[in-house]
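Participant: Below: one structure in structure tokens.
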């Protein structure tokens, strides 16, 4: 949460990291990740209060825990759709660069963001119309199955598994293409391409470990919360930390603004945006 806040401020407020129009979807992702990490932190606080003397209050006020747990699932699914669009965008640009740079400009970023955000209406309909949770009924635990109900929780887990499986597959295609460029072609590969290859594999590993495996474990072992606690939230938060740290390093290496002090003049250095080299 703190890392994403500093990253957003560095881009939009302090201007120490120069903006690039080609990274607009990533900027939306940074804001979404910051909001999601903030709400996830509040969710972990509720989990912590549930083991204190305030547990009876937490259990009795089902609406309170639901208002914290449901937005996490909602934003997680929305983030997954956005990541899928980003992964497809980068992969298409890598496999079909001429066609991408010729026709991609006809698909505005706000249209993609609008499609992504429209999912919130679908999720809301599923949560409140299809599943119809009884928020006046006290709960006996603070697991997602108790708070959200089995109907919505099972839907959310299935959606996350499908979405992040697709993201992992598309990202793996990107990494394979970059690996072929890096290893199999008889040409000199620059440092940016090597870094893109490395980051693509790291991103794929982060998605599989922190976003895909926890929902699968939750589906296979629904009662795991009683033994290991909120592993989904912990894994997601840890994934945010790792991804944000690597993203900051990459952005600072490619797009950071530097000031020269020897002559008093301001020198600005900004790299050419390469979507395949970003998270």
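Participant: Of the residues in the stretch 39-56, how many are free of Cβ contacts under 8 Å to residues at least 24 places away in the same chain and outside any helix (DSSP H, G or I)?
Facilitator: Residues of the stretch 39-56 that are free of Cβ contacts under 8 Å to residues at least 24 places away in the same chain, as a first pass: 45, 48-49, 51-56.
Those left that are additionally outside any helix (DSSP H, G or I): 51-54.
So the count comes out to 4.
Participant: Another question, if that's okay. Within the stretch 202-259, take every residue that is outside any helix (DSSP H, G or I) and loosely packed, with under 14 Cβ neighbours inside 10 Å and give me the one that is modelled with the lowest pLDDT. If you could, list the steps in order and put the result at the bottom.
Facilitator: Taking the stretch 202-259 as the starting set, the residues that turn out to be outside any helix (DSSP H, G or I) are 221, 229-230, 256-259.
Now restrict to residues that are loosely packed, with under 14 Cβ neighbours inside 10 Å: 221, 258-259.
Values: 221: 71, 258: 48, 259: 43.
So the residue we want is 259.
Participant: Could you list, in sequence order, the residues of the stretch 87-98 that are within 26 Å of residue 207 (Cβ to Cβ) and in a helix (DSSP H, G or I)? Let's see the steps before the verdict.
Facilitator: Initially, the stretch 87-98 is screened for residues within 26 Å of residue 207 (Cβ to Cβ), giving 87-97.
Those that are within 26 Å of residue 207 (Cβ to Cβ) and in a helix (DSSP H, G or I): 87, 88, 89, 90, 91, 92, 93, 94, 95, 97.
Participant: Please count how many residues of the stretch 130-164 are in a helix (DSSP H, G or I), in contact (Cβ under 8 Å) with a residue 40 or more places away in the chain and surrounded by fewer than 15 Cβ atoms within 10 Å (Cβ to Cβ).
Facilitator: Number satisfying all stated conditions: 1.
Participant: Quick check: anything in the stretch 191-201 in contact with a helix residue (DSSP H, G or I) (Cβ under 7 Å, 6 or more places away or on another chain), in a helix (DSSP H, G or I), closer than 15 Å to residue 47 by Cβ and at pLDDT below 75? So that I can check it myself, show each step before the final result.
Facilitator: Step one: filter the stretch 191-201 for residues in contact with a helix residue (DSSP H, G or I) (Cβ under 7 Å, 6 or more places away or on another chain), giving 192-197, 199-201.
If we keep only those that are in a helix (DSSP H, G or I) too, we end up with 192-197, 199-201.
Subsequent filtering for residues that are closer than 15 Å to residue 47 by Cβ retains none.
No - not one qualifying residue is present in the stretch 191-201.
Participant: Which condition does residue 65 not pass, out of (1) outside any helix (DSSP H, G or I); (2) in contact with a helix residue (DSSP H, G or I) (Cβ under 8 Å, 6 or more places away or on another chain); (3) over 26 Å from residue 244 (Cβ atoms), if it passes all the others?
Facilitator: Residue 65 satisfies every listed condition except (1).
The values are calculated or read from the model by the stated rules, or taken from the named source; none is laboratory data. Only a predicted model underlies this, so the values are computations on that prediction, with no experimental measurement involved. Every residue, glycine among them, receives a Cβ derived from its backbone with ideal geometry; neighbour counts consider all protein chains shown.
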